[in-house]
Amino acid sequence: MSPKAKKSFQISDLFRSQMMIPVIAILLLTIFNLIIGPSFFNIRLEENNLGNAVLSGNLITILDNGSELAILAIGMTLVTAASGGQDISVGATIAIAGSAILKILCGDNPHPETMQAPIILAFLVGILAAMACGAFNGILVAYFKIQPMVATLILFTAGRSIAAWINNNELPIIKDIEFSYFGGFIPGIAVPTPFLIAVVCVIVIFLVMKFTNLGLYTQSVGINENASKLIGLNPVTIKFMTFVILGVCVAVCGLIKVSRISSINYSVIAKDIEMDAILAVALGGNALSGGKFSMAASILGAYVIQYLTTTLYRMKVPADALPAYKAVVVILLVVLSAPTVREFFSKRSKKLKTTRRGVA
Amino acid sequence: MKKRVLATIISAAALAICSTAMVNAEDGLIKVGIINNDPNESGYRTANDADLQKMFCEENGYEAEFAYSLKNDEQIAAAQKFIQDEVDYLLLSAADTAGWEGVLQDAQDAGVSVILFDRTIDAPEDLYVASIVSDMAREGTTAIDWLSSQGLDEYNIIHIQGVMGSAAQQGRSAAVDTFAEEDNVNIVTQQTAEWNAEKAQQIVQSVIDSGESFNVIYAENDDMAKGAVAALDKANISHGVDGDVIVMGFDCNKWALEELLAGNWNYDGQCNPFQASYIDEIIKKLEAGEEIGEKVVIMEEKGFDASTITQEDVDNYGI
Amino acid sequence: MKEHAVLEMKNISKTFPGVRALQNVDFTLCEGEIHALMGENGAGKSTLIKVITGVYDKDNGEAYLAGHEGPVTVHSPQEAQKLGISTVYQEITLCPNLSVAENMFIGRGSGAGLNWKKMNADTNRILQSLDIPAKANQQLGSCSLAVQQMIAIARAVDMECKVLILDEPTSSLDEQEVKKLFNLMRDLKNKGVGIIFVTHFLDQVYEVCDKITVLRDGKLVGEYEIKDLPRVQLVAKMLGKEMDDLSDIKGEQGTYTSDRSEVVYEAEGLQSNAGIRPFNFHINKGEVNGFTGLLGSGRSECVRAIFGADRVLHGKVKKNGKEVHIHKPIEAMKNGIAYLPEDRKRDGIIGDLSVRENIILALQNLKGFFKPFSKSQTYKFADEYIKLLDIKTASADTPIKSLSGGNQQKVIVARWLLANPDYLILDEPTRGIDVGTKVDIQKLVLQLAAEGKSVTFISSETDEMLRTCSRLIVMRDRQVVGELSGEDLTQNKIMSTIAGGEAKS
């Protein structure tokens, strides 16, 4: 049997493809919203109170508010793939990064009239702070071989206190309008900035994956660490690198989040985002035990979660019941993404094809 | 021989126990265990925590230990620990109103006096010696009284709630639910933003996108009001004094009161964080063997109206 | 059902995406019979076993079991066990982190109540009766691979099966252990158990089996009595062609005629943390050498030290005359050394990655992090080696874990050939592989040598090493005890050196 250079495309492959799960989820949510009322999908171009033209509508809300999660999903996918575990400290490290950014911008006075430093400098400091946290987690996991969830528990517990300490437990507030651009709108650009930032991050990571071996090595180390060592890879370095990359993602999220309110609330900022990030990776059909991954599927998974939240707000689901509804939908989606279920569907579609052929 | 050794050991132990008791009495420091919510939860909490820290220190005659958590089970565990540490007084601001009976009973059995502050709990009154609380329900009714005094033809309210089940949420929401029974009052949506500005923004945005009309935003704390206002600004909907939408918040953060002063918001309800002096007074009375006058002290709290607030108010009451 | 048959499979077919693993295969196992199941890799032996034991659902055909009316469908391995079909797989499927006793009784549905004392006592009894050197409360992972294998067999035996399937049970056993196993098998045979023996070791087949069933490319070639099928014919039927005596392939290859004395690699006092005594080693250009010795004598550890796979403690190493520092695999690779590991499942294949990704990985790593190969380049490389080594795979994108063992091995060989090393170390490359591929690999080794590459070849089948190597290093108890070349390269001389040679420093 001669192997073909490229496999021809079959429907059964589509079902097995990881992208299918988030795509199906989006289809289901869309159909659901269409039934309830297609006005859900209206997009308007309006003027905000500063006179700038901005896009508005539920779809825009989804793209806007889902961006931080999508950016985080990038880093979390890599960490999960290489180390077979999850980083639960991302909420706390977002607090640290955000706090660091505000500290640089405010200096000693938490309510300055103008920013004390250029935003780019503050952002760089934020990146350094978040990368330091990533490196801390990375050393514990990669070198000391501590289980990721256990190792990241440290920052999960202590991180927000560290964030508060950076600013002396005070609440810094930035008055400059320029700072709010990152979490809001840049005058003249109607698309929400967080979404643009997410797009940039996605482009960057895809370029990195295309022009380096990051994807291949990460998967290799995640699937079989021993074999990877014998091919000359250094699993310690690779795992460490994934945590640092997650750190960069955290810093970007931190900037967006503090920019949204031009301030910070240490215990509330990015609360429970780590759970949503892990969920995004799982919804993307990636094995949480590591190995092969699809970055695009995770990113799409992140937007699915936001889509779900926005749909539930639209449905005016009573506040008490909201977590229950979300849980049910999530369970459904995660079960659908399980390999056994996908195999089942792909078998059925193949049978359908063969019977069709038989009939023809 | 053995008996002698045993006797020596026993007497040494007894001496040790007595001496520690004497040391304690000589020490004179009153041991207090303070369980509070996360100080970073809001401006209110930060001020509350700072107030307590300032009051309960060695100079004032206290040996204080603090435990923080937003989680019910963690707070209960901290309480158990303090009881084991044999504190004299247990000061408690509960994150959740339920689940405290067992622990408070243990405290009473161990001879630890429990003083509640900031929030009440669902437990029989005889399980604590005093409580200095904000009457959240009254905060709510004060706010609603002000709202109904605005004399609008109809009230279409976006009700943004705090963490479900927390005392603050329960009190402040109750007033709204009662108000909603009136004919010209309609709740457009009632959702929890869990004290989070971002979530509040999304909730209001959802209503704006659905096209439903509203003229009141009742946000159960300042952060959430801020998020709500961000959504209004994005849609260029006017708010505040002379605006189309009435904005209401709680906690009286300084920056929030400044929004009132600037006319961007309409109302802010005070939640007084300064309970430490009340508690100190009560402890001193108990130590001196006196009777406490009132078991439940409800702090004076008022609401601020944007049209009448002054800079002085901002300086005095802003936290 | 045929007389005296305990198991009869009729007309079995099974297809996987792109591969027809079994086509209309019949198989009959009688009472008290040791029946060998043979065929090249990809012939369908593993698939047939998995259909019998309920791991796979057959697409077509019927199965009959003694004592059951009509056709039987086995839905799962548990059901197979209940029906009296026990299996011991090639790769140990026990739990290394549990104790021996736990492994003996795990999954046997003894219900909620576990009597530890009884379990341990029973286990010790079984272990003693089979002369297995282990204790009931010992952690399984602490036993050697061979002992683990024997425990797996003991477990199957204890379950009073009617059909016992042994899938390559002797791959990790030494001669003594194989003898014990065969005694055991004969005992069972006398008790009326039917045994299916899947193996590549021809000698063993002729030593202990009564019948042979040969499969090729998913189809049944035939069922034969042992006395009716001489070896050469058996091999011919497996390969589908006439074969000359296997032992003369050396003559076919040209030998590297140039200066043989150019030393490609040289090590002095090399010692790793794996517990072998420091040893000296050298290999010349175009030379094939081997390491031989009993199981556990340290052969793999030596070559791992050469490759830097274990932590190198000290030693002076020279490559092509220049002193080099080889403490990590990447350093060895950069110096033109390649290493095919003994345990391909644990150390070789990256299971979920495709065949082509597995092939290019080593060369890719040499090329660098920032220089990934283009997709078309990877396809080109993959297709080249799939053709060269005749790797049976549905496509270059198939995950390597779905290939048969032998084809997986070929992919790993391809990986290292692609990296173009001057010195290639092959540690048990022919283990668990069909005869045809074994010969291919041995021919490949000689061909590489003829091209001027140096090869170290380790195999537990001394025949293979005798056929390919010009020099053999003998090891015993983790140290080098002798070096044989030229006329000394005979089975007898090897045995006697292993048994009692002088320690060579």
Q: Once you've got the GNM for chain A with C-alpha springs shorter than 10 Å, pick whichever of A:57, A:159, A:138 has the biggest mean-square fluctuation.
A: A:57
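So if we plug the beta-carbon distance of residue A:352 and residue A:41 into 1/(1 + (r/R0)^6) with R0 = 22 Å, what FRET efficiency do we get, rounded to 0.05? Walk me through the intermediate numbers first.
Numbers: r = 32 Å, r/R0 = 1.44.
The computed FRET efficiency comes out at 0.10.
Can you list which of the DSSP-assigned H helices in chain C have a Cα extent of 15 Å or more along the long axis and an average Kyte-Doolittle score of at least -1.0? Write out the running numbers ahead of the final one.
Numbers: long enough: C:116-129 (20 Å, -1.19); C:145-158 (20 Å, 1.09); C:175-191 (24 Å, -1.22); C:355-367 (19 Å, 0.31); C:375-388 (20 Å, -0.96); C:405-418 (20 Å, 0.12); C:435-450 (23 Å, 0.79).
Passing helices, by number: C:145-158, C:355-367, C:375-388, C:405-418, C:435-450.
What's the local net charge at residue A:139, with K and R +1, D and E -1, over the other residues with C-beta under 12 Å away? Before the final figure, lay out each step's value.
Numbers: positive: A:145, A:239; negative: none.
My count for the surroundings of residue A:139 gives +2.
If you average 1/r over all unlike Cα pairs in the range B:244-311 and invert the result, what Kirkwood radius do you get in angstrom? Don't skip to the answer; put the middle values down first.
Working: mean 1/r = 0.0709 Å⁻¹.
Value: 14.1 Å, from the Cα pair sum.
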**Q.** Share of Cα-Cα pairs in the range A:73-128 lying beyond 17 Å, as whole percent
**A.** 51
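May I ask you to order C:18-27, C:482-491, C:337-346 by the average number of other C-beta atoms within 10 Å around their residues, highest value first? Write down the numbers at each step before the final one.
Numbers: C:18-27: 19.3, C:482-491: 14.0, C:337-346: 21.7.
Result, highest mean Cβ count within 10 Å first: C:337-346, C:18-27, C:482-491.
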Q.
Between helix A:153-166 and chain A, what is the angle of the helix's C-alpha long axis to the longest principal axis, kept within 0 to 90° and rounded to the nearest 10?
A. 30
(Q) Going 7 Å from the Cα of residue B:287 along its beta-carbon direction, which residues of the range B:110-140 have the amide nitrogen within less than 18 Å of the resulting point? (A) B:112-116, B:129-130
**Q.** 10 Å Cβ neighbours from other chains, averaged over peptide C:345-358
**A.** 5
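Rounded to a whole number of µm²/s, how large is the Stokes-Einstein D of the protein assembly as shown at 4 °C and 1.567 mPa s, given Rh as the Kirkwood radius over C-alpha pairs? Provide the component values of the computation, followed by the final result.
On the way: Rh = 35.6 Å.
Once the numbers are plugged in, D ends up at 36 µm²/s.
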Q) Where does chain B land on Rg/Rh, using Cα atoms and the Kirkwood Rh? A) 1.11
Q) Given H placed on each backbone N at 1.01 Å, which residues far from residue C:87 in sequence or on other chains put an amide H within less than 5 Å of it? A) C:165
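List the trypsin sites (Lys or Arg not before Pro) in the range C:300-335 that DSSP assigns to loop (not H, G, I, E or B) and whose Cβ has at most 14 other Cβ atoms within 10 Å. Which are they?
Here the sparse-neighbourhood loop sites are C:311.
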Q. Across 20 Å bins from 0, what is the distribution of all Cα-Cα pair distances for chain C, in whole percents?
A. 21, 54, 24, 1
Q: Can you tell me the relative contact order of chain C? Whole percent, Cα pairs under 8 Å, sequence separation 6 or more.
A: 15
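Compute the relative contact order of chain B as a whole-number percentage, counting only Cα pairs closer than 8 Å that sit 6 or more residues apart in sequence. Mind dumping the intermediate values first?
On the way: 591 pairs, mean separation 49.5, N = 319.
In percent, rounded to a whole number, it is 16.
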Q. For the charge dipole of chain B, defined by +1 on Lys and Arg C-beta atoms and -1 on Asp and Glu C-beta atoms about the Cα centroid, which residue among B:148, B:36, B:193 has the Cα displaced farthest towards the positive pole?
A. B:36
Q) For the charge dipole of chain C, defined by +1 on Lys and Arg C-beta atoms and -1 on Asp and Glu C-beta atoms about the Cα centroid, which residue among C:67, C:229, C:161 has the Cα displaced farthest towards the positive pole? A) C:161
(Q) I need the P(r) histogram for the range C:379-492: all alpha carbon pairs, bin width 5 Å from 0 out to the longest distance, whole percents. (A) 2, 10, 20, 21, 19, 12, 8, 4, 3, 0
Q) Just counting partner chain Cβ atoms within 10 Å, what average do the residues of peptide C:29-39 show around their Cβ? A) 0
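Which links in C:380/C:453; C:179/C:493; C:10/C:179 stretch past 30 Å when you go from one Cα to the other? Mind showing how you got there, number by number?
Details: C:380/C:453 24 Å; C:179/C:493 22 Å; C:10/C:179 33 Å.
In this structure, C:10/C:179 exceed 30 Å between Cα atoms.
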Q.
Could you work out how much longer the chain between residue B:242 and residue B:258 gets when fully extended? Use 0.36 nm per residue separation minus the Cα distance between them, nm to one decimal.
A. 4.1 nm
Q: Please express the Cα-Cα pair-distance distribution P(r) of the range C:5-247 as a list of whole percents, one per 10 Å bin, running from 0 to the bin with the greatest distance.
A: 7, 31, 35, 21, 6, 1, 0
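Test of understanding: what is the full-extension gain from residue B:125 to residue B:212, defined as 0.36 nm times their sequence separation minus their Cα-Cα distance? Display every interim value, and only then the final one.
Details: separation 87, 0.36 × 87 = 31.32 nm, distance 4.54 nm.
The residue B:125-residue B:212 span can extend by a further 26.8 nm.
Could you give the dipole magnitude of chain C about its Cα centre, charging the beta-carbon of Lys and Arg +1 and that of Asp and Glu -1, in debye to the nearest 20?
Numbers: 63 positive and 67 negative charges, 278 e Å.
In total the dipole reaches around 1340 debye.
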Q: For helix B:136-148, report the angle its Cα long axis makes with the longest principal axis of the Cα atoms of chain B; keep it between 0 and 90° and round to the nearest 10°.
A: 20
Q: Report the FRET efficiency, 1/(1 + (r/R0)^6), for residue C:145 and residue C:420, where r is their Cβ-Cβ distance and R0 is 56 Å, rounded to 0.05.
A: 0.95
**Q.** Estimated translational D of the range A:113-260 in µm²/s (Stokes, Kirkwood radius over Cα pairs; 10 °C; 1.306 mPa s)
**A.** 91
Q | Cβ crowding within 10 Å averaged over residues, with B:111-124, C:213-226, A:300-313 ranked highest first | A | A:300-313, B:111-124, C:213-226
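Can you pull the Kirkwood radius for the range A:11-347, inverse mean 1/r over Cα pairs, to one decimal in Å?
Values: mean 1/r = 0.0483 Å⁻¹.
The answer is 20.7 Å.
Regarding the range B:172-289, what's the average projected area of the Cα-atom convex hull, expressed in nm²? Before the final figure, lay out each step's value.
Values: hull surface 38.3 nm².
Taking a quarter of the hull surface, the average projection is 9.6 nm².
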Q) Ranked highest first by the average count of other Cβ atoms within 10 Å around their residues, in what order do A:141-150, B:266-275 fall? A) B:266-275, A:141-150
Q. What list of ³J(HN,Hα) values in whole Hz, one per residue of the range C:211-224 in order, does the Karplus curve 6.51 cos²θ - 1.76 cosθ + 1.60 (θ = phi - 60°) give from phi, with Gly and Pro shown as x?
A. 10, 10, 10, 10, 10, 8, 6, x, 10, 7, 8, x, 10, 9
Q. How far is helix A:339-359 tilted off the main Cα axis of chain A, in degrees rounded to 10, range 0 to 90?
A. 40
Q: For residue A:145, list the lysines whose Cα falls under 25 Å from its own Cα; do not include residues on the same chain fewer than 8 positions away.
A: A:229, A:239, A:292, C:328, C:345
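Which longest uninterrupted range of chain B lacks any GluC sites (Glu not before Pro) assigned by DSSP to a loop state (not H, G, I, E or B) and surrounded by at most 14 other Cβ atoms within 10 Å? Don't jump to the answer; show the numbers that get you there.
Details: sites that count: B:86, B:154, B:181, B:182, B:212, B:290, B:291, B:294, B:300.
The answer is B:1-85.
When Cβ neighbours within 10 Å are restricted to other protein chains, what is their mean count per residue of peptide B:227-239? It would help to have the intermediate numbers written out before the result.
Details: counts 2, 0, 1, 8, 2, 2, 4, 13, 7, 9, 3, 1, 1.
That average works out to 4.
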Q: Run the dipole for chain B about the Cα centre, Lys and Arg Cβ at +1, Asp and Glu Cβ at -1, nothing else charged, and hand back the magnitude in debye, nearest 20.
A: 1380
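Calculated FRET efficiency, residue C:128 and residue A:341, Cβ-Cβ r, R0 60 Å, to nearest 0.05? Intermediate results must be reported in sequence, preceding the final value.
Details: r = 48 Å, r/R0 = 0.79.
For residue C:128 and residue A:341, the calculated efficiency is 0.80.
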Q: Set Lys and Arg Cβ to +1 and Asp and Glu Cβ to -1, take the dipole of the protein assembly as shown about its Cα centre, and tell me which of B:249, A:38, A:73 lies farthest positive.
A: A:73
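So, with +1 on the Cβ of K and R and -1 on the Cβ of D and E, and no other charges, what is the size of the charge dipole of the protein assembly as shown about its Cα centre, to the nearest 20 debye?
Values: 109 positive and 142 negative charges, 1584 e Å.
That gives a dipole near 7620 debye.
FYI, it's all coordinate maths here, none of it is from the lab. Just so we're clear, the structure is a prediction, and the values are computed from it rather than from any experiment. Please note: Cβ atoms are built from the backbone with ideal geometry, for glycine as well, and neighbour counts cover all protein chains shown.
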